[in-house]
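Step one of this worksheet: look at the structure below.
The values are calculated or read from the model by the stated rules, or taken from the named source; none is laboratory data. All values reported here derive from a predicted model rather than from experimental measurement. Because the Cβ atoms are built from the backbone with ideal geometry, glycine has one as well, and the counts that use them run over all protein chains shown.
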Amino acid sequence: MTALTLRNLTVSYDGTPVVHDASLAIAEGESFALVGESGSGKSTILKAICGLAPDWTGGIEVLGKPRGHAPDRSLARDCQMVFQDPYGSLHPRKTGDAVLSEALAIHRLPDRDARVEDALAEVGLDRRFRFRYPHQLSGGQRQRVAIARALMLQPRVMLLDEPTSALDVSVQAEILNLLKRLRRDHGLTYLLVTHNLPVVGFLCDRMAIMRRGRIVEIAPATALHDGSFTDDYSRSLYAASQGTDP
Amino acid sequence: MTLLSVENLTVSFPTPSGRTNVVDGVSFELGRERLGIVGESGSGKSLTGRAILRLIRPPGRVSGGLIFEGTDLNALSARQMRAIRGARISMVMQDPRYSLNPVMTVGDQIAEALHTHERLPRATLRARVRAMLESVRIDDPDRVARLYPHEVSGGMGQRVMIAMMLIPRPALLIADEPTSALDVSVQNDVLRLIDDLVRDNGMGLLLISHDLPLVARYCDRILVMNAGRVVETCEASELAHASHPYTRGLLAAVPRMHETRDELPVLDRSTWAGT
């Protein structure tokens, strides 16, 4: 079954289209990456899927259900997003506990206390961290809280917008390991946005390379091993990233 | 020849539990070469760069020797220090979006950097700005000089900043994470540009970054910092044979293009407290 289907998706901001005719299908349990430079429209696709960029045409299907333009509560149960910057995406005046229980309150789910505790344990934070404010946490701990928040409703699809680019390499390794383990344990589907190709190699099965709002190529992650890209732009991006490899 | 020598540099800040040394006895010498300082956030690498320019304000306290071209920087007055900042030692900051003046055109900002240190006729000033923009490989310098920072891309903004820092022809350039706000494809261009300019002008470069492989590519020598101390110094070409466990941990934690590992090795924070 496909977890996520995009059909000729065009997304606009203020009437200016920034993503043109994007089509892709991601199987359930797959980990898929969108790569490209800034301004290539990769984050915009994620925003359109989760409803933050409502001006789109074409089709979006999540787990077989087409997504409308209005806010959709049932979609939130299936599909959640983790943002790039944990410094900006957590409410500065809410404790981890408040952030995590909010989704449960909205969806009227029982056992809030136990669920919050479980979610924190899942991301490797012990109970000391439950009532802390974001400024009392390090960058890596904050990103763990943000991931726990996304997991609260037990979604099957996770949208990850550069989840590690604001973090140090050593902390990045911890978060990447965590994401890999969560996917294995819960059978999650990932759609990951990144400009870091080695991260794709570690975490993903396939990737779409984007340029100026268009998908120029869809390649398996193994293309990173041998550079077997067909499009010229993908090859130049690969060559530029090669340099960052030790 | 030694351009800058740093001797037992210590920077401390007050905390509720007394003063903490954020930079703790760092010593190194820099000639006309490219030196990289690597470490995680909180390792004190940026503060080392700022301390050299004497940019640490109270309640921060700096001690230790700073000798630049035979002058003791600590002995200079604020006015004398201003004459050195920019003219002899300059610093490229991380994010051009926050470090350029948003209400001044790019050309005026570059001209201001030069004008502060040298009185020149206006025509000469304009010609120098034009030549500088060309040397940072901006194709249409006259048009770009009239743009405001919000009208240029990140990569171009960083070139503008480099132009601004190099136009007074300093002897030492400190680049603090000059490319971490940029795309991978632009990163290499900017670093190669810094590298060319530094070589052509025979300057010294202090490149501060958390990206070990990147620093290894553009520097001659590397200092690895952890918790305010230099834990290892090595030639960039010898990085793969680094001996210190912290350096090895940092190297191993980077995902590779040919990734086959199922899990990335993680630093054991109990041994490396402080970061």
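Yes/no matrix, rows are residues, columns are (1) surrounded by fewer than 22 Cβ atoms within 10 Å (Cβ to Cβ); (2) facing chain B (nearest Cβ under 10 Å); (3) over 15 Å from the mean Cα position of the chain (by Cα):
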| site | (1), (2), (3) |
| --- | --- |
| A:LEU167 | no, yes, yes |
| A:VAL171 | no, yes, yes |
| A:LEU179 | no, no, no |
| A:ARG183 | yes, no, no |
| A:ARG206 | yes, no, no |
| A:MET210 | no, no, yes |
| A:VAL216 | yes, no, yes |
| A:ALA221 | yes, yes, yes |
| A:ALA240 | yes, yes, yes |
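One residue stands out among those in the stretch B:200-221 that are modelled with pLDDT under 90 and within 15 Å of B:ALA240 (Cβ to Cβ): the one that is farthest from the other protein chains (Cβ to nearest Cβ), which is B:VAL215.
Residues in the stretch B:94-116 include at least one that is in contact with a strand residue (DSSP E or B) (Cβ under 8 Å, 6 or more places away or on another chain) and within 24 Å of B:MET156 (Cα to Cα).
Does A:PHE229 meet the test of being of a type in the set (Phe, Trp, Tyr), without any contact (Cβ under 8 Å) to a residue 24 or more places away in the chain and either part of a loop (DSSP other than H, G, I, E, B) or within 11 Å of chain B (Cβ to nearest Cβ) (or both)? So A:PHE229 fits the description; yes. Scanning the stretch B:148-179 for residues that are under 21 Å from B:PRO102 (Cβ atoms) and surrounded by fewer than 16 Cβ atoms within 10 Å (Cβ to Cβ) turns up B:TYR148, B:HIS150, B:GLU151, B:SER153. Of all residues in the stretch B:40-58, those satisfying the criterion of being at negative phi and touching a Lys or Arg at 6+ places or on another chain (Cβ under 9 Å) are B:SER43, B:LEU53, B:LEU55, B:ILE56. If you check A:THR57, A:THR5 for being hydroxyl-bearing (Ser, Thr, Tyr) and loosely packed, with under 15 Cβ neighbours inside 10 Å, only one passes: A:THR57. Per the conditions (1) within 12 Å of chain A (Cβ to nearest Cβ); (2) of a type outside the set (A, V, I, L, M); (3) under 23 Å from B:ILE89 (Cβ atoms); (4) outside any helix (DSSP H, G or I), the sole criterion not satisfied by B:PRO265 is (3).
Scoring A:GLY68 on the criteria (1) over 30 Å from A:TYR133 (Cα atoms); (2) at pLDDT 90 or above leaves a single failure, condition (2). Scan the stretch A:142-161 and tell me whether some residue there is more than 10 Å from chain B (Cβ to nearest Cβ), more than 21 Å from A:ALA103 (Cα to Cα) and over 13 Å from the mean Cα position of the chain (by Cα). Checked against the condition, which is being more than 10 Å from chain B (Cβ to nearest Cβ), more than 21 Å from A:ALA103 (Cα to Cα) and over 13 Å from the mean Cα position of the chain (by Cα), the stretch A:142-161 yields no hits at all.
The rows are residues; the columns are (1) in contact with a helix residue (DSSP H, G or I) (Cβ under 9 Å, 6 or more places away or on another chain); (2) in a loop (DSSP other than H, G, I, E, B); (3) of a type in the set (Phe, Trp, Tyr); (4) more than 7 Å from chain A (Cβ to nearest Cβ).
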{"site": "B:LEU223", "(1), (2), (3), (4)": "yes, no, no, yes"}
{"site": "B:VAL231", "(1), (2), (3), (4)": "yes, no, no, yes"}
{"site": "B:CYS234", "(1), (2), (3), (4)": "yes, no, no, yes"}
{"site": "B:GLU238", "(1), (2), (3), (4)": "no, no, no, yes"}
{"site": "B:ARG248", "(1), (2), (3), (4)": "no, no, no, yes"}
{"site": "B:VAL254", "(1), (2), (3), (4)": "yes, yes, no, no"}
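Here B:LEU197 meets the list (1) free of Cβ contacts under 8 Å to residues at least 24 places away in the same chain; (2) more than 12 Å from every other protein chain (Cβ to nearest Cβ); (3) touching a helix residue (DSSP H, G or I) at 6+ places or on another chain (Cβ under 8 Å) almost entirely, failing just condition (1). Only strands (runs of 3 or more DSSP E) whose full extent lies in the stretch A:1-107 are considered here, and the ones with at least 3 residues that are over 16 Å from the mean Cα position of the chain (by Cα) are A:2-13, A:16-27, A:56-62.
Residues in the stretch B:180-193 that are among the aliphatic types (A, V, I, L, M), surrounded by fewer than 21 Cβ atoms within 10 Å (Cβ to Cβ) and within 14 Å of chain A (Cβ to nearest Cβ): how many?
Of all residues in the stretch B:180-193, those among the aliphatic types (A, V, I, L, M) come to B:181-182, B:184, B:186, B:190-191, B:193.
Next, only the ones that are surrounded by fewer than 21 Cβ atoms within 10 Å (Cβ to Cβ) stay: B:181, B:184, B:186, B:193.
Those still in the list that are within 14 Å of chain A (Cβ to nearest Cβ) too: B:181, B:184, B:186.
Within the stretch B:180-193, residues that are among the aliphatic types (A, V, I, L, M), surrounded by fewer than 21 Cβ atoms within 10 Å (Cβ to Cβ) and within 14 Å of chain A (Cβ to nearest Cβ) number 3.
From the list B:VAL62, B:VAL38, B:VAL26, the lone residue that is under 28 Å from B:THR2 (Cα atoms), buried (at least 18 other Cβ atoms within 10 Å of the Cβ) and within 14 Å of chain A (Cβ to nearest Cβ) is B:VAL38. Count, please, the residues in the stretch B:58-84 that happen to be out of contact with any Leu (no Cβ under 6 Å at 6 or more places or on another chain) and not in a helix (DSSP H, G or I). Selection size over the stretch B:58-84: 14. In the stretch A:107-129, which residues are touching a helix residue (DSSP H, G or I) at 6+ places or on another chain (Cβ under 9 Å) and among the basic types (Lys, Arg)? Across the stretch A:107-129, the qualifying residues are A:ARG112, A:ARG115, A:ARG127.
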